[in-house]
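Asker: Could you have a look at this structure, given as structure tokens, before my questions?
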Amino acid sequence: MGKKAIISKHIVLCSYTQNYSHHPIYGIILIDGEIIHDVIFLDENIPVQAIIEKYSEWDPQDCSDLYISPGLIDINVRREFENYTHLTKAAVAGGVTLISEEDGYYTDNPPTGELFCDLGKIALIDATNVNSMEVEACKGCLAFKGYFYPPSNSVRALPHNMTEVYSNLEKTGLPLFIDPTLPDPRMLYMASPMRMEALESRNDAKTSGNLNVFAGAFSNAIESEGEEEDEDYSEESPQDNVKRMSFDEEHIKIHSSPRTKDRSLSGEGFNYELTFQRNLSHLVCPEITEVEEEQTPAKKSKRKKNHKSKSTIYTIFDDLDRRIRESQQSIENLSLAEQFTYHESGPTQFLIKRKKSLSLGPADSYQSDSDSSDAGTVKAAPKSALYERRMVNRRPNPIKIEKKSSENDNKERLYIYHLANFPDHWEVSGVEKLIQSLRSNISIHVVNISSAAAINKIRQARDHFPNLTCEIPATQLYFTNNSIGDGQTIFKNTPPIRNRGNCNLLWDLLKMKAIDCITSQHAYIDPSMKSLDTGNFQKALNGICAIGFTLQAIWTMINVPVSSHTQLEHYIVRMSKWLSLHPSRILGLQDKRGSIEKGKYADLVIWAPYERVLAPEVHSEKKEMSPFLSQNLQGRIYKVYIRGKLAHDGTNFKARGKKIVRMNTNKN
């Protein structure tokens, strides 16, 4: 296939080697066939033309003004209503060079079409085929996948006791992907009553879910630690000494005020501005100091009793734990959903009556019997009549409520109703169950989660289980519930896209290395099964057409709060870890893929990160189902190389992909 070379002033090196750089470097990549022959660093004062002349036998290309990143690896892709041609063409258009594919929930059509990027298989396991894991591994799958709760009527769940699963997994040496969502079956029916309907009758079936009751209102049992206040965050008066915090090289130096306890419960009101440089150990926040008042002996003795809480060292992770605990107490979604239950009620009117006295006859008086000896004499009214006369104008006016006529009275169209019926404690309870059953010598990767609280549980468990990893879909970092209009069922997915407070916490977890990688969680659903005409979230199938936009979506969001060019250059390197290096490690392919290094496959993305593009300009025929349609994204992709061969030049495509089979995975 010959030799070739690519020159760039912005080569992204993300592997942890002696040549690792926090910023893109100036150099030349020498490619021999499918493999990177060498990566040569260049002095920034050397002109490009001199490099071209020196390496003329390698036929160098001048891409000096463009950035070269390692090819993206998308490890969470589900093939539903599309063939390989549509799937892989959309992937390579977004810089994806390898995808790991899972069979669909709703279709069992055999795969057809050409491969425009490399593709590996994920083998599904459940309670019925646990003993055949070694057989599946010998077929060359890249990983196994299982569900704690079946996502559809065609997929079964993992066994309740995971001992046998872990024993067989250890023999194969492969990672196990687990979807830990563990809903309450009764509440799940209320949220998605059509999930067990056959596809042929789903659109015509009548929904029976009660949309006046929300699953999110029925939380799991509250743990004791959630009921009691953490002593590290006990109430203190503003005059108390400020908590002084010291950190080692792995922590962030932050001095916080006791008033931070009163921040927003949703996480949106938290105003720490973290200056991210190179890595988390360089984060610095301004110090907040308070004048220490002179203490009397009584005060000193009182403080001495509380010396434990005063000497505690607070880290940024402690603060993150606190904010996530507070976010779990937020009822924002339920409150909004309850508010919308009244949107059909129309205006409320008070019927104002004309004031008048209580009538007691023609003379407005109390008249005695006609046979009385004092006929014609007006007597005083009884007390009861006087009381009624005084109170008649003090009673509230009657209320008249008229139902508002509207064409959009269908509650199944409201996304806030859909979100309120998929509470995040379903994910948290599943993660807790997973952690309780884990072993330290196996590789578990948690997928399909969107709850910041669930991911934080995973972060806390890594001290005991270092091989426990997790991911987050790009859609969860780019969109929030405010991005989704009523009836926009193309956004329906499991787990759902949550609120802005949760999204902010996800970004914090990502930057603090609690999330290992970013995926697309792609699943193309045919428009006829998305209830686009009615916008009914209860009838629409789960799945978002999101492949091919991960790089640009994440880069666009990073550009919103970060303005420093130095920090942006650093984040380009960090993005390569999230999108390439860490996914390759999770799949066990780090020896051949995931970074630009000597001896690895020449999977490269040549792009201009500071150019804007209207998405999707070059994607496949399925673009009308993408939530990124017409989004103004940051970053234009010019070329994509797969194993040293040009697969996409910004306009044209070439089928360069092949099926990836991993052999000899057995540890024994």
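The values are calculated or read from the model by the stated rules, or taken from the named source; none is laboratory data. Not measured: the values here are computed from a predicted model. Every residue, glycine among them, receives a Cβ derived from its backbone with ideal geometry; neighbour counts consider all protein chains shown. Just so you know, the surface numbers come from the protein's heavy atoms only, side chains and all, with ligands and any DNA or RNA stripped out. Shrake-Rupley method; radii C 1.70, N 1.55, O 1.52, S 1.80 Å.
Residue-by-condition table, conditions (1) in contact with a strand residue (DSSP E or B) (Cβ under 9 Å, 6 or more places away or on another chain); (2) within 25 Å of Leu581 (Cβ to Cβ); (3) surrounded by fewer than 23 Cβ atoms within 10 Å (Cβ to Cβ); (4) without any contact (Cβ under 8 Å) to a residue 12 or more places away in the chain:
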site: Tyr26; (1), (2), (3), (4): yes, yes, yes, no
site: His37; (1), (2), (3), (4): yes, yes, yes, no
site: Asn45; (1), (2), (3), (4): no, no, yes, yes
site: Val96; (1), (2), (3), (4): yes, yes, no, no
site: Ile99; (1), (2), (3), (4): yes, yes, no, no
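Asker: Which of the residues spanning segment 56-66 are open to solvent by 30 Å² or more (accessible area, probe 1.4 Å) and touching a residue at least 12 places away in the same chain (Cβ under 8 Å)?
Answerer: So in segment 56-66, the residues open to solvent by 30 Å² or more (accessible area, probe 1.4 Å) come out as 56-57, 59, 61-62, 65-66.
Residues satisfying the conditions are Glu57, Asp59, Gln61, Asp62, Asp65, Leu66.
Asker: Do the conditions hold for Glu569, that is, is it assigned to a strand (DSSP E or B), touching a residue at least 12 places away in the same chain (Cβ under 8 Å) and surrounded by fewer than 21 Cβ atoms within 10 Å (Cβ to Cβ)? Steps first, please.
Answerer: On the way: assigned to a strand (DSSP E or B): no; touching a residue at least 12 places away in the same chain (Cβ under 8 Å): yes; surrounded by fewer than 21 Cβ atoms within 10 Å (Cβ to Cβ): yes.
When the stated conditions are applied, Glu569 does not pass them.
Asker: Please specify each residue of segment 494-511 satisfying the condition of being in a loop (DSSP other than H, G, I, E, B) and open to solvent by less than 10 Å² (accessible area, probe 1.4 Å). Spell out how you get there, then give the answer.
Answerer: From segment 494-511, those in a loop (DSSP other than H, G, I, E, B) are 494-499; that's our starting set.
Of everything in segment 494-511, those that are in a loop (DSSP other than H, G, I, E, B) and open to solvent by less than 10 Å² (accessible area, probe 1.4 Å) turn out to be Pro495, Pro496, Ile497.
Asker: Within segment 173-216, track down each residue that is modelled with pLDDT of 80 or more, open to solvent by 20 Å² or more (accessible area, probe 1.4 Å) and either among the aliphatic types (A, V, I, L, M) or in contact with a helix residue (DSSP H, G or I) (Cβ under 6 Å, 6 or more places away or on another chain) (or both).
Answerer: Thr181, Leu182
Asker: Also: So which residues in segment 476-501 are of a type in the set (S, T, N, Q) and either more than 9 Å from the chain's Cα centre (by Cα) or over 12 Å from Ile449 (Cα atoms) (or both)?
Answerer: First pass over segment 476-501, keeping only residues of a type in the set (S, T, N, Q): 476, 480-483, 488-489, 493-494, 499.
Matches in segment 476-501: Thr480, Asn481, Asn482, Ser483, Gln488, Thr489, Asn493, Thr494, Asn499.
Asker: Out of Thr489, Thr475, report the one residue that is modelled with pLDDT under 95 and surrounded by 23 or more Cβ atoms within 10 Å (Cβ to Cβ).
Answerer: Values: Thr475 fails: modelled with pLDDT under 95.
Testing whether each residue is modelled with pLDDT under 95 and surrounded by 23 or more Cβ atoms within 10 Å (Cβ to Cβ) leaves just Thr489.
Asker: In segment 422-467, what residues are farther than 20 Å from Lys145 by Cα, open to solvent by less than 30 Å² (accessible area, probe 1.4 Å) and over 17 Å from the mean Cα position of the chain (by Cα)?
Answerer: Within segment 422-467, Ala461 is the sole residue that qualifies.
Asker: Looking only at residues in segment 625-650 that are hydrophobic (A, V, I, L, M, F, W, C) and assigned to a strand (DSSP E or B), which one is nearest to Ala523 (Cα to Cα)?
Answerer: Step one: of segment 625-650, the residues hydrophobic (A, V, I, L, M, F, W, C) are 625, 628-629, 633, 637, 640, 642, 646-647.
Add one more test, that the residue is assigned to a strand (DSSP E or B), and what stays is 633, 637, 640, 642, 646-647.
Values: Leu633: 21, Ile637: 23, Val640: 23, Ile642: 23, Leu646: 26, Ala647: 23 Å.
Here the answer is Leu633.
Asker: Here's another thing I want to ask about it. Looking only at segment 592-603, decide whether some residue is under 29 Å from Gly33 (Cα atoms) and without any contact (Cβ under 8 Å) to a residue 40 or more places away in the chain.
Answerer: Of segment 592-603, the ones under 29 Å from Gly33 (Cα atoms) are 592-603.
Okay, now just the ones that are also without any contact (Cβ under 8 Å) to a residue 40 or more places away in the chain, so 592.
Checking segment 592-603: at least one residue is under 29 Å from Gly33 (Cα atoms) and without any contact (Cβ under 8 Å) to a residue 40 or more places away in the chain.
For every residue, the table says whether it meets (1) surrounded by 22 or more Cβ atoms within 10 Å (Cβ to Cβ); (2) over 30 Å from the mean Cα position of the chain (by Cα); (3) of a type in the set (Val, Ile, Thr); (4) more than 17 Å from Ile444 (Cα to Cα).
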{"residue": "Gly104", "(1), (2), (3), (4)": "no, no, no, yes"}
{"residue": "Asn109", "(1), (2), (3), (4)": "no, no, no, yes"}
{"residue": "Thr112", "(1), (2), (3), (4)": "no, yes, yes, yes"}
{"residue": "Leu124", "(1), (2), (3), (4)": "no, no, no, no"}
{"residue": "Asn129", "(1), (2), (3), (4)": "no, yes, no, yes"}
{"residue": "Ser132", "(1), (2), (3), (4)": "no, yes, no, yes"}
{"residue": "Val135", "(1), (2), (3), (4)": "no, yes, yes, yes"}
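Asker: Turning to a different aspect of this structure: Could you give me the residue pairs with C-beta distances under 6 Å whose first residue belongs to segment 67-82 and is on the phi > 0 side of the Ramachandran plot, whose second residue is of a type in the set (Asp, Glu) and surrounded by fewer than 24 Cβ atoms within 10 Å (Cβ to Cβ) wherever it lies, and which are 6+ apart or on separate chains?
Answerer: none
Asker: Additional query: Taking Ala157, is it surrounded by fewer than 17 Cβ atoms within 10 Å (Cβ to Cβ) and either among the basic types (Lys, Arg) or modelled with pLDDT of 90 or more (or both)?
Answerer: Values: surrounded by fewer than 17 Cβ atoms within 10 Å (Cβ to Cβ): yes; either among the basic types (Lys, Arg) or modelled with pLDDT of 90 or more (or both): yes.
Yes; evaluated as a whole, the condition is true for this residue.
Asker: From the set of residues in segment 635-658 that are over 20 Å from His86 (Cα atoms) and open to solvent by less than 20 Å² (accessible area, probe 1.4 Å), which is farthest from the chain's Cα centre (by Cα)?
Answerer: Step by step, filter segment 635-658, then rank; the result is Gly644.
Asker: Right, here's the next one. What number of residues in segment 621-630 are in contact (Cβ under 8 Å) with a residue 60 or more places away in the chain and either touching a strand residue (DSSP E or B) at 6+ places or on another chain (Cβ under 9 Å) or under 21 Å from Asn482 (Cβ atoms) (or both)?
Answerer: Residues flagged as in contact (Cβ under 8 Å) with a residue 60 or more places away in the chain and either touching a strand residue (DSSP E or B) at 6+ places or on another chain (Cβ under 9 Å) or under 21 Å from Asn482 (Cβ atoms) (or both) within segment 621-630 amount to 4.
Asker: How many residues does segment 153-176 hold that are closer than 23 Å to Arg195 by Cα and not β-branched (Val, Ile, Thr)? Outline the logic, then answer.
Answerer: Let us first name the residues in segment 153-176 that are closer than 23 Å to Arg195 by Cα, namely 153-160.
After this cut, where a residue has to be not β-branched (Val, Ile, Thr) as well, the list is 153-154, 156-160.
Of the residues in segment 153-176, 7 are closer than 23 Å to Arg195 by Cα and not β-branched (Val, Ile, Thr).
Asker: Look through segment 525-566, keep the residues that are in contact with a helix residue (DSSP H, G or I) (Cβ under 7 Å, 6 or more places away or on another chain) and free of Cβ contacts under 8 Å to residues at least 60 places away in the same chain, and return whichever of them is surrounded by the most Cβ atoms within 10 Å (Cβ to Cβ).
Answerer: Among those residues, the one meeting the criterion is Ala540.
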